[in-house]
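Scroll down for the structure; my scribbles are underneath it.
The values are calculated or read from the model by the stated rules, or taken from the named source; none is laboratory data. Because the structure is predicted, anything quoted here is derived from the model rather than measured. Here Cβ is always computed from backbone atoms with ideal geometry, including for glycine, and neighbour counts include all displayed protein chains. Just so you know, the surface numbers come from the protein's heavy atoms only, side chains and all, with ligands and any DNA or RNA stripped out. Shrake-Rupley method; radii C 1.70, N 1.55, O 1.52, S 1.80 Å.
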Amino acid sequence: MKLKILIGTMTGNAEYVAQAIEMDCGDLVDAVELHLMDALEPSVLDENALYLICTSTYGAGDVPDNAQRFYQALDNPPRYLGHVRYGVIALGDRTYQQTFCHGGKRFDERLQDLGAQRIGEVWCHDASEGTMAETEATVWCRQWLALALAAA
């Protein structure tokens with residue numbers, strides 16, 4: 001099974017997390033592909049693969065600039081995504097409590113509204129804790145992949 005990681009980032013943190021997952025979890029799947037959301041179309045979700053949304057939160061709880069077009073295109077026109085199995089890594093800072101990890105949570109809500117099947121819970125990293133998102137995300141992803149592959 002292939003893992004496609006779709007990356008929404010402003011400063012590169014989500015891309016670093018995705019790269020760490022690619023290096024650490026590549027032995028669990030046939031292939032890992034990283035895709036910055038800048039030029040993605042919803043058709044990227046048509047392949048038989050596992051999808052991982054890895055995104056930061058920007059501004060007032062928005063998805064990052066490079067993910068805005070892809071996020072909007074998911075609804076324009078709306079399409080049924082019942083074949084899509086996905087997980088979410090949401091990066092945020094609990095200092096901004098009202099919008100904590102909303103970038104990832106927005107993607108999760110949109111995908112569920114379109115019928116996609118989330119595996120596990122949305123994983124949220126709190127930058128204010130001082131922990132390394134890359135380290136914690138790889139641990140979470142190994143567990144998530146085991147769950148996802150067992151369900152396949």
Exercise. Restricting attention to the range 1-33, report how many residues are of a type in the set (D, E, K, R) and assigned to a strand (DSSP E or B).
Key: 3
Practice problem: Quick one: in the range 119-152, of everything that is exposed (fewer than 14 other Cβ atoms within 10 Å of the Cβ) and of a type in the set (Val, Ile, Thr), which residue is nearest to Gln97 (Cα to Cα)? | Solution: Thr131
Quiz item: Considering Asp75, Asp46, Asp108, Asp93, which residue is out of contact with any helix residue (DSSP H, G or I) (no Cβ under 9 Å at 6 or more places or on another chain), farther than 16 Å from Ile21 by Cα, of a type in the set (D, E, K, R) and modelled with pLDDT under 95?
Solution: Asp46
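Mind listing just one residue for me: the one in the range 50-71 that is modelled with pLDDT of 95 or more and out of contact with any Leu (no Cβ under 9 Å at 6 or more places or on another chain) and, of those, surrounded by the most Cβ atoms within 10 Å (Cβ to Cβ)? Working first, answer last.
Within the range 50-71, the subset modelled with pLDDT of 95 or more is 50-56, 63-71.
Pick out the ones that are also out of contact with any Leu (no Cβ under 9 Å at 6 or more places or on another chain) and you get 63-65, 68, 71.
Numbers: Val63: 27, Pro64: 24, Asp65: 14, Gln68: 15, Tyr71: 20.
Only one residue tops the list, namely Val63.
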Self-check item: Residues of the range 105-115 satisfying the condition of being free of Cβ contacts under 8 Å to residues at least 60 places away in the same chain and either among the charged types (D, E, K, R) or open to solvent by less than 60 Å² (accessible area, probe 1.4 Å) (or both)
Solution: Lys105, Arg106, Asp108, Glu109, Arg110, Leu111, Asp113, Leu114, Gly115
Quiz item: Could you list, in sequence order, the residues of the range 1-19 that are closer than 15 Å to Ala137 by Cβ and open to solvent by 30 Å² or more (accessible area, probe 1.4 Å)?
Solution: Asn13, Glu15, Tyr16, Gln19
Exercise. List every residue pair whose Cβ atoms sit under 7 Å apart, with the two residues 6 or more apart in sequence or on different chains, where the first one lies in the range 132-152 and is among the basic types (Lys, Arg) and the second, anywhere, is open to solvent by 50 Å² or more (accessible area, probe 1.4 Å).
Key: Arg142/Leu28
Practice problem: Return the total of residues in the range 20-42 being open to solvent by 70 Å² or more (accessible area, probe 1.4 Å) and either more than 30 Å from Pro77 (Cα to Cα) or of a type outside the set (A, V, I, L, M) (or both). | Solution: 6
Quiz item: Could you say whether any residue in the range 18-37 is modelled with pLDDT of 95 or more, in contact with a Gly (Cβ under 9 Å, 6 or more places away or on another chain) and within 25 Å of Ala127 (Cα to Cα)?
Solution: yes
